[in-house]
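What follows is a single structure, written as structure tokens, with notes after it.
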Amino acid sequence: MAAVNQDIVREFFEMHGFLVRQDRKYVLRGKTEDDGIDFLVWNPKKREGTRDLPFVLASEDMDGVERALVVVRGWHTEVFSAAVLENSPEIFRFVTPALLKQALQSFGLESEPMKILVVPALPSGAEAKEEAIKMLREKGINAVIPFRTILANLIARIETNRNYDKSDVLQVIRVLKNYKLFKEPQLELFKATKTRRKNKGTAESETNLE
């Protein structure tokens, strides 16, 4: 499953024009897959400007990222609340000084870039969300990208009349999209609006009849 999660994240960055380099495709003896950095990403066309990036990145923020170490935590059954973060120290293992130094050497970096964590989701409540973000910042994370953001962006960009044979991830999305297995948010919005108008009209007619 880790490989699938990483493939999805790689496609997201490459679709936004990033060059993506993976550290290694094997697990060191005595280590786990969660111990290291998954990717180094570099944006050769970074947008110039002074606008600060938000902590929770959206797809439109990606042009403001220049270089970043990316770690994928595809725990799709979890919301990364403060309680989950507190009880899962392995989430932050990659930001320990020893592993960061090892990653910088492996990628040939002289300075430390952004550290981006791909998370399944953050809490929906404002207070709980801010508490989780505060903890992530304190641990040394510079930004997070929710998996929902990544998947939604890939689905929106995939065209059904193109053949994505060079990418299993994109081809699967294309096939599912071709068979109308993804809901179109805009269409759902318009349908809801029409339904509300229809219900309102029915209610007014009933009132007039009375």
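The values are calculated or read from the model by the stated rules, or taken from the named source; none is laboratory data. Only a predicted model underlies this, so the values are computations on that prediction, with no experimental measurement involved. Virtual Cβ from ideal backbone geometry, glycine too; neighbours counted across all protein chains shown.
Just to be sure I understand, how many residues within segment 54-94 are at pLDDT 90 or above, part of a loop (DSSP other than H, G, I, E, B), under 15 Å from the mean Cα position of the chain (by Cα) and not charged (D, E, K, R)?
Within segment 54-94, residues that are at pLDDT 90 or above, part of a loop (DSSP other than H, G, I, E, B), under 15 Å from the mean Cα position of the chain (by Cα) and not charged (D, E, K, R) number 7.
Which one is farthest from Leu57 (Cα to Cα), of the residues in segment 95-123 that are outside any loop (DSSP other than H, G, I, E, B) and of a type in the set (D, E, K, R)? Can you show your working first?
Residues of segment 95-123 that are outside any loop (DSSP other than H, G, I, E, B), as a first pass: 95, 97-107, 114-119.
Add one more test, that the residue is of a type in the set (D, E, K, R), and what stays is 101, 115.
Values: Lys101: 25, Lys115: 12 Å.
Taking the candidates together, the pick is Lys101.
Check Lys45 against each of (1) charged (D, E, K, R); (2) surrounded by fewer than 17 Cβ atoms within 10 Å (Cβ to Cβ); (3) in contact with a Ser or Thr (Cβ under 9 Å, 6 or more places away or on another chain); (4) modelled with pLDDT of 90 or more and name the one condition it does not meet.
In the conditions (1) charged (D, E, K, R); (2) surrounded by fewer than 17 Cβ atoms within 10 Å (Cβ to Cβ); (3) in contact with a Ser or Thr (Cβ under 9 Å, 6 or more places away or on another chain); (4) modelled with pLDDT of 90 or more, Lys45 misses (3) alone.
In the list Val175, Val119, which residue meets the criterion of being on the phi < 0 side of the Ramachandran plot, more than 19 Å from the chain's Cα centre (by Cα) and hydrophobic (A, V, I, L, M, F, W, C)?
Working: Val119 fails: more than 19 Å from the chain's Cα centre (by Cα).
So the residue among Val175, Val119 that is on the phi < 0 side of the Ramachandran plot, more than 19 Å from the chain's Cα centre (by Cα) and hydrophobic (A, V, I, L, M, F, W, C) is Val175.
Name every residue in segment 89-106 that is without any contact (Cβ under 8 Å) to a residue 12 or more places away in the chain and closer than 12 Å to Leu136 by Cα, in order of residue number.
Correct list: Pro89 only.
Filtering segment 159-181 down to residues that are in contact with a Phe, Trp or Tyr (Cβ under 7 Å, 6 or more places away or on another chain) and without any contact (Cβ under 8 Å) to a residue 60 or more places away in the chain, which residue is surrounded by the most Cβ atoms within 10 Å (Cβ to Cβ)? Spell out the reasoning first.
Residues of segment 159-181 that are in contact with a Phe, Trp or Tyr (Cβ under 7 Å, 6 or more places away or on another chain), as a first pass: 170-171, 174, 176.
Next, only the ones that are without any contact (Cβ under 8 Å) to a residue 60 or more places away in the chain stay: 171, 174, 176.
Working: Gln171: 15, Arg174: 20, Leu176: 14.
Among those residues, the one meeting the criterion is Arg174.
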